[in-house]
Every structure is written in C-alpha cells, then in structure tokens.
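The values are calculated or read from the model by the stated rules, or taken from the named source; none is laboratory data. Owing to the predicted nature of the structure, the values given are computational and were not obtained by experimental measurement. In this analysis, Cβ positions are derived from the backbone assuming ideal geometry, glycine residues included, and neighbour counts consider all displayed protein chains. Accessible surface is based on the protein model in full, side chains and every heavy atom, while ligands, DNA and RNA are left aside. Shrake-Rupley method; radii C 1.70, N 1.55, O 1.52, S 1.80 Å.
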Amino acid sequence: MALPKVKQTATEERLAAMSLPEAPGWTGPARDAAVARVGAMGLPGRRDEYWKFTRPDTLVQAEAPRAATFEGGDEAPTFDGIDRLKVVFVDGVFDEAASDDLALEGLKIERLAEAQKSDLHWARDVYGRLEERGQSPVDRPLAALNTAFATDGILIHVSGKVTKPVHFVYHHKSETSDAMLHHCVKLEEGAELTVLESGPAAARFNNVMEVEVADTARFAHIRTQGRDHERRAATHIFTRLGTESTFKSFTMTANGVMTRNECVIELTGDDAVAHVAGAALGDGDFHHDDTVFITHDAVNCESRQVFKKVLRNGATGVFQGKILVKAGAQKTDGYQISQSLLLDGDSQFLAKPELEIYADDVACSHGSTSGAIDETALFYLRSRGVPTQQATDLLTLAFLAEAVDEIDDEALREEIVDRLRGWLERRRG
Amino acid sequence: MLEIKNLQVKLEEEDKQILKGVDLKVGAGEVHAIMGPNGSGKSTLSYVLSGRDGYEVTGGEATLDGEDLLDLEPEERAALGLFLAFQYPVEIPGVGNMTFLRTAVNAQRKAKGEDEMSAADFLKFIRERAKALKIDADMLKRPVNVGFSGGEKKRNEILQMAVLEPKMCILDETDSGLDVDAMKLVAEGVNALRTEGRGFLVITHYQRLLDHIKPDVVHIMSNGKIVKTGGPELALEVENNGYAEFLDTEEA
C-alpha cells in the first residue's frame with residue numbers, strides 16, 4: 001500500500017539526512033533490511049492511531065530540536081553508590097576515559113561500533129531481529145530507523161550469573177545532539193544480569209535495546225531518564241523470553257518535554273515472567289508516553305504492567321498498554337494498571353488499556369484511574385502535625401510505591417525513592 | 001487547658017447549623033466525656049476542633065492554653081498539643097506505619113524547634129511504646145491501617161497518641177466497632193496515658209467505654225448544645241433510661 005504523500009515526504013527527508021556506516025560488517029544485512037522496513041512503513045505521522053496521544057513530529061523531523069543542557073545541582077550522579085561496570089556515552093558518543101574496562105566475569109561486553117568491524121558475530125541473531133519481530137501487529141518505525149542507523153551501542157553476551165550491574169551512563173552536553181544507540185543483550189540458559197541506564201543522552205535520543213532471555217535466565221533493567229526538561233527521547237525495548245525465564249524493567253522519568261518509551265515483550269517459553277513498570281513525574285509542558293505490548297505465546301506465563309504518573313501544571317501523561325493472549329497460551333496471568341495523580345485541574349492523562357485474548361483459561365485484569373490527592377488521608381496526616389506540603393509528598397510517594405516496588409534490589413529501590421522524593425522537594429528542578 | 005465558648009458551627013456546603021452554642025472547659029489532668037444521641041453534633045465538635053475542612057464557624061471560640069485554635073491549620077493545632085483519635089482511622093496504602101509515625105513525630109519536633117529523631121533512636125522509642133500497648137512489630141511494618149482489624153486500628157490511634165504525647169486528647173467514638181476485649185485493651189492504653197498535665201475529651205454514644213475510662217465529668221449533648229453536665233453517675237443514668245429525658249424541647 002502506498003504511503004500518504006505527507007508521510008512519504010517526511011520519511012524520505014529523514015532517510016536522506018541519515019548515513020549508514022561505511023563498513024557495517026555483519027550488521028550490514030540487518031541495517032539494509034531495516035532501511036527497507038522504514039521506507040515501507042513510513043515514519044510515524046500525526047494521523048497514525050498508535051500516535052494518537054503523542055505528536056511524533058519532533059521525533060521524526062530531520063533535525064533534532066535544540067534542547068538546553070541541565071546541571072543536576074547537588075544531586076549525586078545516579079547509581080553512584082552502586083558497585084557497577086560503567087559505560088559512558090556523551091551525546092551518543094562513547095567516552096572511553098570515563099568508562100570502566102569492558103570486562104566482567106560471566107559475560108562478554110563489546111561496543112557495537114567495534115564489533116561490527118568483523119563479518120561474524122553472535123549478536124547477528126539478535127540485532128534487528130527482535131525489533132523486526134516486534135513490528136507486527138503494530139509498526140514501530142522509529143525502532144527500525146534505529147536498527148538501520150545506530151552509530152554505537154553495547155553488545156552483552158551473558159553466560160553466568162553476574163551480580164555486578166552494567167550501567168549505561170548517558171550525558172547530554174550539546175544542545176543540538178541527535179543520538180542513536182542500539183544495545184543487544186543475550187542471556188544464555190540460567191544466566192543473570194542487571195542493566196542500569198541513566199541520563200538524558202542527547203537533545204534527541206533514539207534508543208533501542210534488544211534482550212534475548214534464554215530458559216531460566218533472569219534479566220533486570222532499571223532506568224532513570226535524567227532531569228533535563230527540554231530533551232526528547234523515543235526508546236524501545238524488545239525482549240523474547242524462554243521457559244521459566246524472568247524479565248523485569250523499571251523506568252523513572254522526571255521532566256522532559258517529549259518521552260515515548262515502548263516496551264515489546266514476547267513470552268515464548270512456558271512459565272516465564274515479565275514485569276514492566278514506570279514512575280513518571282512532570283509539570284508544565286511535560287509529555288510522557290508509555291506504550292507496552294505484551295504477547296503471551298506459551299502456557300502459564302505471568303505478565304505485569306504497573307505505570308504511575310504524577311502530573312502538574314498542565315502536564316500530559318499517556319499510557320497505551322496491550323496484552324495479547326494467543327490461542328495456546330492457557331493459564332496466562334496478566335495484570336495491568338495505569339494510574340495518574342493529577343495535582344491540579346490542568347493536567348491530563350490519556351490511557352488506552354487493551355486486552356485481546358484467544359485462550360479460554362486465563363486470568364487477565366486491568367485498570368486505569370486518574371485522581372487527585374485523597375483529602376481524607378491528607379487531613380489525617382495534617383492532624384498528626386505533618387504540614388500540607390510534606391503530607392502531599394508522602395501521599396505522592398505512596399501513590400508511586402506500587403511501581404517502585406517492582407524493583408527487587410533494595411539499594412536500587414531506595415535510590416529511586418530518594419530521587420523521586422528529591423524531585424518533589426525541589427518542585428521542578 | 002481546652003476552653004470552648006458559645007461555639008457555633010454550620011456545614012460549609014449547606015445551610016445547616018450543627019453546633020448551636022457549645023460551652024465546655026476541660027482542665028489539665030481531667031477526663032471529660034461527651035455523650036449524646038446520633039446526630040447531636042458530637043463528632044462535628046471533634047472535627048471542628050481538629051480543623052477539618054467542610055465546616056464554618058459562625059460564632060464563639062475555642063482555645064488551648066489560651067491560644068486560639070480556630071484560626072490555625074490542622075498541623076499547627078497538632079503542634080500545640082491537640083490530638084484527635086479518629087472514629088474511622090484512615091487507611092493509607094503505600095505509607096508504612098513506621099514512616100508515618102516518624103514523619104509525624106519529627107514534624108512536630110521541628111515545629112517546636114527541636115532536633116529530629118534519628119531512625120535508630122526512633123525505632124527504639126517506638127518499640128518501647130508499642131510493647132506497652134501490646135502492638136506487635138508486624139503492625140509497624142504494614143501500611144498505615146491497611147488490612148488492620150477494628151481493634152488494631154484503634155490501638156494504632158492510641159499508639160500515635162502515645163508517641164506524639166499531646167496535651168489534649170479527643171477520642172471520637174473510640175469504642176465503635178470494638179468487641180469487649182479490644183475495648184479493654186484500648187482503654188488500658190488510654191489510662192496509661194492519663195497524667196496530671198494531660199486532658200481528655202472522650203466522645204461516646206454508649207456508657208460502656210466509661211466503665212473502663214473513668215471520667216471526671218460527663219456532658220450530655222443534644223441538638224448542637226450541651227444540655228446537662230454532671231459526674232460519672234450521669235452516664236449510668238443514660239445507660240438505664242436512654243437519652244429521651246435529656247433531649248432538647250425542639251427535638252422532643
């Protein structure tokens with residue numbers, strides 16, 4: 001089917017502004033195929049159903065809109081107190097001096113830009129593959145664009161139980177930077193890894209992470225997106241889960257005029273578990289979109305989506321979450337909750353929860369609410385001597401708790417709670 | 001201590017007068033009980049004193065140790081030493097009971113210009129107070145009042161009272177929803193907090209709580225006014241004869 005003229009023009013303009021690596025090595029075929037996918041799908045347009053609540057213009061246009069950089073003040077760098085392997089990117093460019101040695105027992109870790117110099121690589125089975133699987137039944141052209149043109153990224157092959165997390169640190173120092181990173185993680189049977197991500201990355205950031213989780217392997221992902229307000233980001237996670245494997249992802253977003261986080265999960269082995277959660281806080285022209293698609297294609301799997309947003313002064317929150325249960329996926333346990341706390345009458349929360357079920361023995365529940373602070377609880381706290389502002393903050397953190405509790409590691413969870421509290425105390429930093 | 005003069009209150013949203021001139025004086029170390037039929041204005045009095053929204057004071061005054069309460073925010077009244085034990089304690093999912101208690105204690109200390117209590121010191125302090133009230137550690141870890149039984153909720157109110165150490169305690173129908181054993185436990189907790197410097201206002205519909213918390217003075221409230229004041233024997237009179245003889249002529 002031919003693309004509408006406007007969309008075709010926009011897509012052509014963007015593609016013309018991009019350049020493929022000169023020596024793509026083993027990524028070459030995947031990149032070429034992705035270019036073709038983008039051409040066929042066209043980049044997201046305002047009329048696309050999947051972009052009904054989020055205007056894609058600034059994510060699609062050839063040049064990244066300018067975004068002021070931001071100094072975090074006295075707030076310590078994220079995950080600073082955690083023993084981890086640090087990989088630093090500044091405006092999407094690898095910073096070797098600031099990074100740790102790319103070596104850790106139980107895994108092999110490389111940069112995409114280096115690894116693609118060879119003709120053969122394990123990541124060939126992952127790079128662009130999970131993204132391509134995730135293109136059906138809904139197009140995700142920005143992810144295909146990333147597969148085609150990503151300049152760098154991290155490839156991790158995990159064979160053991162690795163306790164030390166790998167941390168991707170993203171700094172934003174140029175007001176016009178347009179970064180595109182693509183990460184692949186492959187966990188072998190029984191392997192374990194936690195990946196941390198933090199920071200705004202660039203004026204505009206397109207990030208893709210593909211995660212292949214083999215049988216009984218466990219993957220955890222905790223991300224904070226940086227307090228820069230003017231930055232824009234479109235991120236995708238694609239994951240495929242084997243038998244009895246576990247995938248857990250949590251994202252904290254504070255500030256940001258445009259964030260779209262997509263998570264595409266495929267449960268292909270029996271008894272697998274996938275949890276994806278998010279806590280977002282913003283005010284003014286904050287726009288935050290969580291889009292999730294979970295496919296149950298095996299027996300007795302569990303999936304959980306917990307998304308909470310605190311919105312103020314005209315901020316907008318979006319949630320599009322779908323659970324697709326295929327015909328054979330009996331005993332599916334699916335849970336989905338999306339809630340917003342509207343701290344004033346100007347903010348809005350747009351939610352589109354969807355269930356599509358073809359199996360007859362499943363338990364799926366979903367809920368979506370928008371509301372203000374509970375006045376009764378507020379009075380109860382105040383009657384105990386807690387000032388209004390502090391009581392409101394406490395109730396706001398309580399509202400976010402269900403999402404934050406999805407982080408299993410206590411130290412990481414406490415760090416996230418501290419950051420959320422810090423944001424509330426600063427009232428927009 | 002607590003002094004209420006000719007207090008008149010109407011609902012903010014509708015033109016309905018609830019309190020029609022209440023006079024009451026509770027001195028330090030005294031326990032006063034307010035009894036009365038449903039709808040007489042007992043709970044409204046407790047809410048107005050603690051500063052809940054939705055009520056409009058149309059006349060009169062209320063002071064605690066000479067300080068005007070009615071102009072203050074609820075948290076300021078609490079810092080002055082006023083405490084309301086709720087008839088229906090509020091459930092707050094996501095806030096741990098321990099966090100809640102520590103936040104309250106430290107907020108009040110801060111308001112009084114005192115140093116905040118460290119987590120370790122607080123833990124020691126709270127455990128000691130909880131033990132005295134037979135509250136097990138598990139109740140401290142759970143979210144505030146969530147999934148608590150009626151008795152646990154009321155004991156949690158008394159625990160808050162014990163850690164906040166208020167000057168003036170108002171107990172709003174603390175006996176409601178409690179069986180006899182739970183009520184005894186709560187009453188024991190309250191009695192343990194009776195000191196020379198602390199006043200109590202016990203609001204109750206039934207006399208039975210007053211068997212366990214012995215009042216010095218009993219007031220009968222009807223149709224927004226105190227219609228009779230007497231000693232503990234007044235409560236027994238109500239128990240035997242009901243409220244009919246005390247009702248205001250308008251109601252009768």
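Can you list the helices (runs of 4 or more DSSP H) found entirely within region A:335-429 that contain at least 1 residues being closer than 29 Å to B:Phe83 by Cα and under 26 Å from the mean Cα position of the chain (by Cα)?
Filter on region A:335-429 gives A:388-404, A:410-426.
Here the condition is being within 30 Å of B:Gly51 (Cβ to Cβ) and of a type in the set (A, V, I, L, M); of A:Ile373, A:Ile357, A:Ile337, it holds for A:Ile373 alone.
Scanning region A:228-249 for residues that are surrounded by fewer than 24 Cβ atoms within 10 Å (Cβ to Cβ), of a type outside the set (Val, Ile, Thr) and part of a loop (DSSP other than H, G, I, E, B) yields a total of 4.
Of the residues B:Gly29, B:Gly39, which is at positive phi, open to solvent by 70 Å² or more (accessible area, probe 1.4 Å) and out of contact with any Cys (no Cβ under 9 Å at 6 or more places or on another chain)?
Details: B:Gly29 fails: open to solvent by 70 Å² or more (accessible area, probe 1.4 Å).
Answer to the check: B:Gly39.
When B:Val190 is tested against (1) free of Cβ contacts under 8 Å to residues at least 60 places away in the same chain; (2) of a type in the set (A, V, I, L, M); (3) outside any helix (DSSP H, G or I), just one condition goes unmet, and that condition is (3). When residues of region B:208-232 are filtered for being assigned to a loop (DSSP other than H, G, I, E, B) and surrounded by 19 or more Cβ atoms within 10 Å (Cβ to Cβ), how many remain? Final tally of qualifying residues: 4.
The residues listed here are A:Leu355, A:Leu311; of these, the one that is over 14 Å from A:Thr251 (Cβ atoms) and surrounded by fewer than 24 Cβ atoms within 10 Å (Cβ to Cβ) is A:Leu355. Between A:Leu130, A:Leu181, the distinction of being at pLDDT 95 or above, assigned to a strand (DSSP E or B) and not β-branched (Val, Ile, Thr) belongs to A:Leu181 only.
Of everything in region A:365-417 that's acidic (Asp, Glu) and within 12 Å of another protein chain (Cβ to nearest Cβ), which residue is farthest from A:Arg312 (Cα to Cα)?
Here is the first cut: in region A:365-417, the residues acidic (Asp, Glu) are A:374-375, A:393, A:402, A:405-406, A:408-410, A:414-415.
Next, from what is left, pick out any that are within 12 Å of another protein chain (Cβ to nearest Cβ): A:374-375, A:393, A:402, A:405.
Values: A:Asp374: 16, A:Glu375: 17, A:Asp393: 13, A:Glu402: 20, A:Asp405: 23 Å.
The extreme case among them is A:Asp405.
Given the condition touching a Leu at 6+ places or on another chain (Cβ under 9 Å), over 23 Å from B:Met1 (Cβ atoms) and not assigned by TED's automatic domain parsing to the domain that holds B:Lys10, answer yes or no: does some residue in region B:185-204 qualify? For region B:185-204, residues touching a Leu at 6+ places or on another chain (Cβ under 9 Å), over 23 Å from B:Met1 (Cβ atoms) and not assigned by TED's automatic domain parsing to the domain that holds B:Lys10: present. Listed by first and then second residue, the pairs linking a residue in region B:113-135 that is touching a residue at least 60 places away in the same chain (Cβ under 8 Å) to a residue that is open to solvent by 40 Å² or more (accessible area, probe 1.4 Å), with Cβ atoms under 9 Å apart and 6 or more places separating them unless they lie on different chains, are B:Ala132/B:Ala192.
Reported count of residues in region A:14-31, each being more than 25 Å from the chain's Cα centre (by Cα) and surrounded by 14 or more Cβ atoms within 10 Å (Cβ to Cβ), is 5.
Just a yes or no: is a residue in region A:210-227 at pLDDT below 95, open to solvent by 10 Å² or more (accessible area, probe 1.4 Å) and within 30 Å of A:Ala62 (Cβ to Cβ)?
Looking only at region A:210-227, we keep the residues that are at pLDDT below 95, and these are A:226-227.
After this cut, where a residue has to be open to solvent by 10 Å² or more (accessible area, probe 1.4 Å) as well, the list is A:226-227.
Then drop every residue that is not within 30 Å of A:Ala62 (Cβ to Cβ), which leaves A:226-227.
Yes, region A:210-227 contains a residue that is at pLDDT below 95, open to solvent by 10 Å² or more (accessible area, probe 1.4 Å) and within 30 Å of A:Ala62 (Cβ to Cβ).
None of A:Asp101, A:Asp119 is more than 30 Å from A:Gly321 (Cβ to Cβ) and either free of Cβ contacts under 8 Å to residues at least 60 places away in the same chain or part of a helix (DSSP H, G or I) (or both) except A:Asp101.
Within region B:77-96, the set of residues being more than 9 Å from chain A (Cβ to nearest Cβ) and either on the phi > 0 side of the Ramachandran plot or touching a Lys or Arg at 6+ places or on another chain (Cβ under 6 Å) (or both) comprises B:Gly81 only. Among the numbered conditions (1) in contact with a helix residue (DSSP H, G or I) (Cβ under 8 Å, 6 or more places away or on another chain); (2) assigned to a loop (DSSP other than H, G, I, E, B), the only one that B:Ala235 does not meet is (2).
For region B:99-128, which residues satisfy the criterion of being open to solvent by 30 Å² or more (accessible area, probe 1.4 Å) and within 13 Å of chain A (Cβ to nearest Cβ)?
First, pick out the residues of region B:99-128 that are open to solvent by 30 Å² or more (accessible area, probe 1.4 Å): B:99, B:102, B:109-121, B:123-125, B:127-128.
B:Thr99, B:Arg102, B:Arg109, B:Lys110, B:Ala111, B:Lys112, B:Glu114, B:Glu116, B:Ala119, listed by residue number.
Would you pick out the residues in region B:46-76 that are more than 8 Å from chain A (Cβ to nearest Cβ) and under 20 Å from A:Ala377 (Cα atoms)?
Selection gives B:Ser46, B:Tyr47, B:Val48, B:Leu49, B:Gly54, B:Tyr55, B:Leu72, B:Glu76.
Evaluating A:Ala202 against the criteria (1) in contact with a strand residue (DSSP E or B) (Cβ under 8 Å, 6 or more places away or on another chain); (2) open to solvent by 10 Å² or more (accessible area, probe 1.4 Å) leaves one unmet condition, (2). Would you mention how many residues in region B:13-70 are acidic (Asp, Glu), over 18 Å from the mean Cα position of the chain (by Cα) and over 16 Å from B:Lys225 (Cα atoms)? Of the residues in region B:13-70, 6 are acidic (Asp, Glu), over 18 Å from the mean Cα position of the chain (by Cα) and over 16 Å from B:Lys225 (Cα atoms).
How many of the residues in region A:37-60 are open to solvent by 60 Å² or more (accessible area, probe 1.4 Å) and either within 25 Å of A:Arg129 (Cα to Cα) or modelled with pLDDT under 95 (or both)? Write out each step before concluding.
So the first thing to find is which residues in region A:37-60 are open to solvent by 60 Å² or more (accessible area, probe 1.4 Å), and the list is A:40, A:46-47, A:49, A:52, A:55.
Cutting the leftovers down to either within 25 Å of A:Arg129 (Cα to Cα) or modelled with pLDDT under 95 (or both) gives us A:40, A:46-47, A:49.
Adding up the residues that qualify gives 4.
Here are B:Gly147, B:Gly242: which of them is of a type in the set (Gly, Ala, Ser) and more than 30 Å from B:Phe125 (Cα to Cα)? Don't jump to the end; show me each part of the working.
Details: B:Gly147 fails: more than 30 Å from B:Phe125 (Cα to Cα).
Answer to the check: B:Gly242.
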